[in-house]
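The values are calculated or read from the model by the stated rules, or taken from the named source; none is laboratory data. Please read these numbers as outputs of a predicted model, since none were measured by experiment. For neighbour counting, all protein chains shown are included, and Cβ atoms are generated from backbone atoms with ideal geometry for every residue, glycine included.
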Amino acid sequence: MEEYFKPQPIKRPFLSKGVIILLILAANGIIWSILRFGFGLGAVTNLNNQFPWGIWIGLDVAAGVALAAGGFTTSALVHIFYREDFHVLVRPAIMTAMLGYTFVGLGVMFDLGRYYNIWHVPIMGNSNSVLFEVGICVMTYLATLYVEFFPIVNERFIGRVHLKGILKFLNKPIDGFLRFADSFLGKTMFFFIILGVVLSCLHQSSLGTLMLIAGKKVHPLWQTPISPLLFLLSAFSVGFPMVIMESLTASRSLGLKPEMDVLRKLARFIGPILSVYLAFKLGDMVIRGTYVYLNEINLQTIMWVIEILFGVIIPLRMFFWDKVLHSRTLLYIASLLVIFGVALNRFNVFIIAYKPPYILQQYWPSIGEISVTVGFIAIEILLYRALVMIFPVISVPLKGVSAKAKYAIRGVIQ
Amino acid sequence: MKRMMIILGILFVLSSVSFAQQLGHHAKFPLRCDECHYCKKPTYNEPCLKIAPNFIREGITLHHSVEDAPTLFIIDTLQNKYAPAVFTHRLHAQMGEMLGGCESCHHHNPPGKVQPCIECHKPERQLNDLSRPSLKGAYHQLCIDCHRSWDSDWSKTSDCYFCHPKASEDISQSPKQLAELAKKRHPVPKTPEVYVLKSDYDEAPVVTFYHKQHIFTFGLACKNCHKDNACADCHASDAKTKEISLEHDNCLPCHEKAIDENCEHCHGIEQKAPFNHAKTGWPLKVFHQNLTCQTCHKNQVEFSALNTNCNSCHKANWQSGAFSHSVTGVQLDENHVEIDCETCHLNHNFNAKPQCTECHEDKSFPKDIPGKIIKR
Amino acid sequence: MSQSRRSFLKAMGTVSLTAVGAKESKATPKNVVSDDRLGVLVDTTVCIGCRQCEYACKVEHGLPAGNIDDYSDRSVFETMRRPDHTALTVVNEYPAENSRQQSVTVKVQCMHCDHPACVSACIVGAFTKQENGAVIWDEGRCIGCRYCMVACPFQIPAFEFDKTIQPRIMKCDFCYETRTSKGLPTACVEACPTEALTFGKRYELIQIAHERIRKNPERYIDHVFGEHEVGGTSWLYLGGQEFLRLGFPDVGTNPAPGATEPIQHAIFKFFVPPVALYALLGGIMWLGKQSSEEEE
């Protein structure tokens, strides 16, 4: 018996115990943010001239971009490879990607010394700069994600724009605009979907090129010319685990029945992708002979072993194991491990592996930096919760509906 | 006359050119190309000639002794932050003797007398000739190389104020202090009597080196052996504890023959006695004892036996009247002063006993003296 | 349906056009390697660590310089210092290999690379390599991302972390504005009493450096640091011992931007790979659409 799903706003009270904790963390992050913009980077962060980039780049931006890979991988799977059986996952994935990239952008703004000059990037860009490529792609992709999300807004508000009081006169134009946008996007959405995938491939890989210019400052375990390829492969491998993790978390938190059948099918992709990633990673190590560094025991080698063992090898084995695919808890753990592995990889490349020739002062993230990062994550989760309550994002089973309905982003399939 | 000169000049130039052509291109000179040219392929338009190439370093042809060197220079050409520096030139010349002499500072000199720094090193830095430091740079580079060499914490002679007094301590205007400085000399180093050194020559490991004798008896100056010593060789903090070492090279060129053929000259099983001229078969008597070795061993690097005939050295002034016989310790009396040398010293053999028999049958030397014995 | 297919193809065309157009409108920052570029030769065997260069540099750049007499205090050498936002050049002391020799003092500042990593890295092209060899930073462009600091193999650019607004990237600018653009030597070169610093055309400096090595083979090691390092730098160093033991980083002779520019150019040369990927994905999507329509 086939179940049919229809995305709709979730009706649940917003507040819960977890939400209150998240609100506190978010408030703490906001306080530190005010300090950062009021007193400068030096006042809040432990960054110095030897370590110009800290966790705001390593985690908020680099890991943030990687973990938002669920959006493009899912939309590629569903829309480009026409695997409509995964349709229910597209909207949450796109939305998390949108949230993720929004906070990547925010993270960048926090880290920039002259954030108010960010508009220089598109007009003064230096095409030799890897960072420029990353920046432009992220900016464009963020816009693309908003466009991809727009049909959901349309679906929610077309015919339901009821502004009150003085703004009443706006009701009609807004409604008209939404209708126009809906019909325009309906014809052009495929363009944005492909664009999103291409842009993602570009900047996910370019993120790996970013640290190549640092040369010998980056530990040879991570400094490899195929770093862009490794970044791309790891982004592919973290996309689906991210979707699975979110879906399971959301269903638990919102009291829904998890879509285990769909998730199981999705999980079967992860093992092979992860194996390719591991093969390239180890192959590169053998070709460049960097395994000699594993003879020494230091922070770098320990972190590398943790990254590979817990982040790749163990989840890889798990995803090839039927028991895992059938157990909610194990699937959740396996997905978390992949996410942990890729996030740790980004953290390693940008923070742990970075060893400048002259170290006068070691870098250790300050309370301010950690607070802002944690605050970002808290706000992101809160926004997720809020958005799924406002917009039709998560699909819930509709009992007794038998009509063949395809719930895609509107416009792709007419 | 002028025309003659011109013609002669042209002839000279022509002949020298043709001579040069006979010699061939100057690339065949016994010099490496890069001694003079800094680029690989010099052309006539761009000869890229070096300033002050090494091979004319020793251009000083008019030498003078250290004592004739200028005493003091007051260097105020560049003064701005500090008072003028007073440079004790003669003192430095004296100190410089053991590290290469005048040329160690006056490193480049066209033939002639010693030239001052400013002749080549101009006060303003020349941007078209980067290899030549300006006057200030030249001074500093030259001075500091020695000054820093025995001053590990920069507090002694390499401190800026050592040479550049603060404006309040300007002594360049005080004649009294300047006169004192001008008198300053490097104290004469102590000369140990003898070094007994151990070598790795197993058969006769002990080398006895009579240092004092080399100076006072053999008449060597410090600089004869100590040619390339740095100040730090004696003044460094660890100089006193450092072991004395001698290389064969130190004993060159005087002992070249001994080094090549006669090890026992210096090496022995135990400490050797100092050199004694009597062992050569010619004990030095009162008069010769006071002479330096070179007075008799003229132009000898390694001393060898000389003809012991007096006239082999004392060649001139053997006519009566011209020679003051008193120097031998015997002052001739009135009768003998007029007599030819040969009358007593037969065949000009002054080593042999003088003969009185030519005139006096009953007299003989040294029982009878042709005058009186005087003290010398 | 044909309607939508046509618009699909039309849209694809627009993508490739805009992509190519974008490439042509983007410029790379000025990065000239002129034959006559200037440089400075630092002879570390002549340097005496008087730190007059530090003082002169601060005065030249309007940084708080303090009292000149304090610069003769040699106790600062006890800890290694690095150029930062308060001092664009610093002198450090390193023990001599020969224990009887005095320690060696080495001036550090931007090397002004011939192929600078900062110029290549800067997202907005705020860094430029000028005709005379100077690598300078343009305050008007900088967004403060500090990627230059990550990229620099000599770890030179510093950032004013303590400034809330308009923090600057601080590094030696070769006195570009005030001196070298007019052919004058930099402030530090003029201040150096021993002329351990020689200012001139880079190729001449290299000749002089090699001549000094040839004349004094016992004084120098046969290596001019900066002649080939990271593809050549405008500042060149002579040393009496291995440069790694004079506090120089192990940088190799490949230009500092390394593989990033080739990778970057491989991806963006005429936008072929992205457009190809776009076309490929579009093709797959189109085929999928066809088959799903047939099913219906």
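Residues checked against (1) surrounded by 15 or more Cβ atoms within 10 Å (Cβ to Cβ); (2) in contact with a strand residue (DSSP E or B) (Cβ under 8 Å, 6 or more places away or on another chain):
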position: C:Phe199; (1), (2): yes, yes
position: C:Tyr203; (1), (2): no, no
position: C:Leu236; (1), (2): yes, yes
position: C:Phe243; (1), (2): yes, yes
position: C:Asp250; (1), (2): no, no
position: C:Ala256; (1), (2): yes, yes
position: C:Glu261; (1), (2): yes, no
position: C:Phe271; (1), (2): yes, no
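Would it be correct to say that A:Val153 is in contact with a Pro (Cβ under 8 Å, 6 or more places away or on another chain) and not small (Gly, Ala, Ser)?
For A:Val153, the condition - in contact with a Pro (Cβ under 8 Å, 6 or more places away or on another chain) and not small (Gly, Ala, Ser) - is not met.
Hey, which of the helices (runs of 4 or more DSSP H) in the stretch A:12-112, taking only ones fully inside, have at least 1 residues that are aromatic (Phe, Trp, Tyr), away from chain C (no Cβ under 14 Å) and buried (at least 21 other Cβ atoms within 10 Å of the Cβ)? Steps first, answer last, please.
Working: elements: A:17-39, A:41-44, A:64-67, A:70-75, A:87-111.
Helices (runs of 4 or more DSSP H) meeting the threshold: A:17-39, A:87-111.
Taking the condition without any contact (Cβ under 8 Å) to a residue 24 or more places away in the chain and either surrounded by fewer than 20 Cβ atoms within 10 Å (Cβ to Cβ) or of a type outside the set (Gly, Ala, Ser) (or both), does C:Thr45 pass? Give the derivation first.
Numbers: without any contact (Cβ under 8 Å) to a residue 24 or more places away in the chain: no; either surrounded by fewer than 20 Cβ atoms within 10 Å (Cβ to Cβ) or of a type outside the set (Gly, Ala, Ser) (or both): yes.
It is false that C:Thr45 is without any contact (Cβ under 8 Å) to a residue 24 or more places away in the chain and either surrounded by fewer than 20 Cβ atoms within 10 Å (Cβ to Cβ) or of a type outside the set (Gly, Ala, Ser) (or both).
Need the failing condition index for B:Gln115 against (1) among the polar types (S, T, N, Q); (2) surrounded by 18 or more Cβ atoms within 10 Å (Cβ to Cβ); (3) part of a loop (DSSP other than H, G, I, E, B), just the number.
Every listed condition holds for B:Gln115 apart from (2).
Let me spell it out: the conditions are (1) assigned to a helix (DSSP H, G or I); (2) surrounded by fewer than 16 Cβ atoms within 10 Å (Cβ to Cβ); (3) modelled with pLDDT under 80, and B:Leu127 meets all of them except one. Which number is the exception?
Failing condition for B:Leu127: (1).
With respect to C:Gly133, determine if the residue is surrounded by 24 or more Cβ atoms within 10 Å (Cβ to Cβ) and more than 21 Å from A:Gly215 (Cα to Cα). Lay out the reasoning, then the answer.
Working: surrounded by 24 or more Cβ atoms within 10 Å (Cβ to Cβ): yes; more than 21 Å from A:Gly215 (Cα to Cα): yes.
Taking the combined requirement at face value, the residue satisfies it.
Would you tally the residues in the stretch A:207-223 being more than 10 Å from chain C (Cβ to nearest Cβ) and not in a helix (DSSP H, G or I)?
Within the stretch A:207-223, the first condition is being more than 10 Å from chain C (Cβ to nearest Cβ), and the residues that meet it are A:207, A:219-222.
Pick out the ones that are also not in a helix (DSSP H, G or I) and you get A:219-222.
Adding up the residues that qualify gives 4.
Just to be sure I understand the filter: pairs with C-beta atoms under 7 Å, separated by 6 or more residues or on different chains, first member in the stretch B:327-344 and within 15 Å of B:Cys359 (Cα to Cα), second member of a type in the set (D, E, K, R). Which pairs pass?
Within 7 Å, the pairs are B:Thr343/B:Glu358.
Here is a check on your reading of the model: is B:Asp249 under 23 Å from the mean Cα position of the chain (by Cα), assigned to a helix (DSSP H, G or I) and at pLDDT 75 or above? If you could, list the steps in order and put the result at the bottom.
Values: under 23 Å from the mean Cα position of the chain (by Cα): yes; assigned to a helix (DSSP H, G or I): yes; at pLDDT 75 or above: yes.
Yes.
Select, from B:Pro283, B:Pro192, the only residue that is surrounded by 11 or more Cβ atoms within 10 Å (Cβ to Cβ) and either more than 30 Å from B:Asp145 (Cβ to Cβ) or among the aliphatic types (A, V, I, L, M) (or both). Steps first, please.
Details: B:Pro192 fails: either more than 30 Å from B:Asp145 (Cβ to Cβ) or among the aliphatic types (A, V, I, L, M) (or both).
That would be B:Pro283, the only listed residue that is surrounded by 11 or more Cβ atoms within 10 Å (Cβ to Cβ) and either more than 30 Å from B:Asp145 (Cβ to Cβ) or among the aliphatic types (A, V, I, L, M) (or both).
Mind listing whichever residues of the stretch C:62-110 are assigned to a strand (DSSP E or B) and in contact with a Cys (Cβ under 8 Å, 6 or more places away or on another chain)? If you could, list the steps in order and put the result at the bottom.
The first filter runs over the stretch C:62-110 and keeps only residues assigned to a strand (DSSP E or B), leaving C:84, C:87, C:90-94, C:104-108.
Result: C:Ala87, C:Val91, C:Val104, C:Thr105, C:Val106, C:Lys107.
Against the conditions (1) among the acidic types (Asp, Glu); (2) in contact with a Lys or Arg (Cβ under 9 Å, 6 or more places away or on another chain); (3) closer than 28 Å to C:Phe159 by Cβ, where does A:Glu133 fall short? Just the number, please.
Answer for A:Glu133: the failing condition is (2).
When the stretch A:152-206 is examined, which residues are found to be among the β-branched types (Val, Ile, Thr) and either on the phi > 0 side of the Ramachandran plot or facing chain C (nearest Cβ under 10 Å) (or both)?
Keep residues of the stretch A:152-206 that are among the β-branched types (Val, Ile, Thr), which gives A:152-153, A:158, A:161, A:166, A:174, A:188, A:193-194, A:197-198.
The answer is A:Thr188, A:Ile193, A:Ile194, A:Val197, A:Val198.
If only one of C:Lys129, C:Lys107 is at pLDDT 90 or above, more than 8 Å from chain A (Cβ to nearest Cβ) and touching a His at 6+ places or on another chain (Cβ under 9 Å), which one is it?
Values: C:Lys107 fails: touching a His at 6+ places or on another chain (Cβ under 9 Å).
Just one listed residue meets the conditions, C:Lys129.
Restricting attention to the stretch C:214-234, which residues are more than 21 Å from C:Ala121 (Cβ to Cβ), surrounded by fewer than 21 Cβ atoms within 10 Å (Cβ to Cβ) and modelled with pLDDT of 90 or more? Even if it seems obvious, please write down each step before you answer.
Our first condition is that a residue be more than 21 Å from C:Ala121 (Cβ to Cβ); within the stretch C:214-234, this holds for C:214-225, C:227-228.
From what is left, the residues that are surrounded by fewer than 21 Cβ atoms within 10 Å (Cβ to Cβ) are C:214-219, C:221-223, C:227-228.
C:Ile221, C:Asp222, C:His223, C:Glu227, C:His228 - these are the residues of the stretch C:214-234 that are more than 21 Å from C:Ala121 (Cβ to Cβ), surrounded by fewer than 21 Cβ atoms within 10 Å (Cβ to Cβ) and modelled with pLDDT of 90 or more.
Test C:Lys58 against the stated conditions and say whether it is within 27 Å of C:Trp137 (Cβ to Cβ) and modelled with pLDDT under 80.
On the way: within 27 Å of C:Trp137 (Cβ to Cβ): yes; modelled with pLDDT under 80: no.
Answer is no for this residue.
Among the residues of the stretch A:296-307, is any within 21 Å of the chain's Cα centre (by Cα), more than 14 Å from chain C (Cβ to nearest Cβ) and free of Cβ contacts under 8 Å to residues at least 60 places away in the same chain?
Applying the first criterion (within 21 Å of the chain's Cα centre (by Cα)) to the stretch A:296-307 yields A:307.
Filter once more, keeping what is more than 14 Å from chain C (Cβ to nearest Cβ): A:307.
Still in the running and free of Cβ contacts under 8 Å to residues at least 60 places away in the same chain: A:307.
Scanning the stretch A:296-307 turns up at least one residue that is within 21 Å of the chain's Cα centre (by Cα), more than 14 Å from chain C (Cβ to nearest Cβ) and free of Cβ contacts under 8 Å to residues at least 60 places away in the same chain.
Go through (1) modelled with pLDDT of 80 or more; (2) surrounded by 15 or more Cβ atoms within 10 Å (Cβ to Cβ); (3) touching a Phe, Trp or Tyr at 6+ places or on another chain (Cβ under 6 Å) and name the single condition B:Thr208 misses.
Every listed condition holds for B:Thr208 apart from (3).
Take C:Arg219 and tell me if it is among the charged types (D, E, K, R), in contact (Cβ under 8 Å) with a residue 40 or more places away in the chain and within 14 Å of chain B (Cβ to nearest Cβ). It would help to see each step written out before you state the result.
Values: among the charged types (D, E, K, R): yes; in contact (Cβ under 8 Å) with a residue 40 or more places away in the chain: yes; within 14 Å of chain B (Cβ to nearest Cβ): yes.
It is true that C:Arg219 is among the charged types (D, E, K, R), in contact (Cβ under 8 Å) with a residue 40 or more places away in the chain and within 14 Å of chain B (Cβ to nearest Cβ).
Give the residue that is nearest to the other protein chains (Cβ to nearest Cβ), with candidates limited to residues of the stretch C:165-212 that are without any contact (Cβ under 8 Å) to a residue 12 or more places away in the chain and among the hydrophobic types (A, V, I, L, M, F, W, C).
Checking each candidate, the answer is C:Ile165.
Which of (1) away from chain A (no Cβ under 14 Å); (2) touching a residue at least 24 places away in the same chain (Cβ under 8 Å) is the odd one out, the single condition C:Pro83 does not satisfy?
With (1) away from chain A (no Cβ under 14 Å); (2) touching a residue at least 24 places away in the same chain (Cβ under 8 Å) applied to C:Pro83, the lone miss is (1).
Hey, among the residues in the stretch A:49-90 that are of a type in the set (A, V, I, L, M) and under 30 Å from A:Leu360 (Cβ atoms), which one's nearest to the chain's Cα centre (by Cα)? Outline the logic, then answer.
The initial filter retains those residues of the stretch A:49-90 that are of a type in the set (A, V, I, L, M), namely A:55, A:57, A:59, A:61-63, A:65-69, A:76-78, A:80, A:88-90.
Next cut, under 30 Å from A:Leu360 (Cβ atoms) only: A:55, A:57, A:59, A:61-63.
On the way: A:Ile55: 16, A:Ile57: 14, A:Leu59: 11, A:Val61: 10, A:Ala62: 10, A:Ala63: 8 Å.
Among residues in the stretch A:49-90 that are of a type in the set (A, V, I, L, M) and under 30 Å from A:Leu360 (Cβ atoms), the one nearest to the chain's Cα centre (by Cα) is A:Ala63.
Is there a residue in the stretch C:139-154 that is at pLDDT below 95, surrounded by 20 or more Cβ atoms within 10 Å (Cβ to Cβ), more than 7 Å from every other protein chain (Cβ to nearest Cβ) and in a loop (DSSP other than H, G, I, E, B)?
yes
I need a count of the residues in the stretch B:130-172 that are under 34 Å from the mean Cα position of the chain (by Cα), in a loop (DSSP other than H, G, I, E, B) and under 16 Å from B:Phe87 (Cα atoms).
6
From the residues in the stretch C:241-252 that are part of a loop (DSSP other than H, G, I, E, B) and within 12 Å of another protein chain (Cβ to nearest Cβ), which one is modelled with the lowest pLDDT?
Initially, the stretch C:241-252 is screened for residues part of a loop (DSSP other than H, G, I, E, B), giving C:241-242, C:247-252.
Within this subset, residues satisfying the condition of being within 12 Å of another protein chain (Cβ to nearest Cβ) are C:247-252.
Working: C:Gly247: 91, C:Phe248: 93, C:Pro249: 92, C:Asp250: 90, C:Val251: 89, C:Gly252: 86.
Per the stated criteria, the residue is C:Gly252.
Tell me whether the stretch C:111-123 contains one or more residues that are assigned by TED's automatic domain parsing to the domain that holds C:Phe174, part of a strand (DSSP E or B), crowded, with 24+ Cβ neighbours inside 10 Å and touching a residue at least 40 places away in the same chain (Cβ under 8 Å). Break it down into steps so the answer makes sense when it comes.
Pass one, the stretch C:111-123, residues assigned by TED's automatic domain parsing to the domain that holds C:Phe174: C:111-123.
Still in the running and part of a strand (DSSP E or B): C:113.
From the residues that got through so far, the ones that are crowded, with 24+ Cβ neighbours inside 10 Å too are C:113.
Then keep just the ones that are touching a residue at least 40 places away in the same chain (Cβ under 8 Å); that gives C:113.
So far as the stretch C:111-123 goes, yes, one or more of its residues are assigned by TED's automatic domain parsing to the domain that holds C:Phe174, part of a strand (DSSP E or B), crowded, with 24+ Cβ neighbours inside 10 Å and touching a residue at least 40 places away in the same chain (Cβ under 8 Å).
Contact list please: Cβ distance under 6 Å, first residue in the stretch B:162-175 and more than 22 Å from C:Ser72 (Cα to Cα), second residue assigned to a loop (DSSP other than H, G, I, E, B), pairs at least six apart or on different chains.
B:Ser172/B:Pro84
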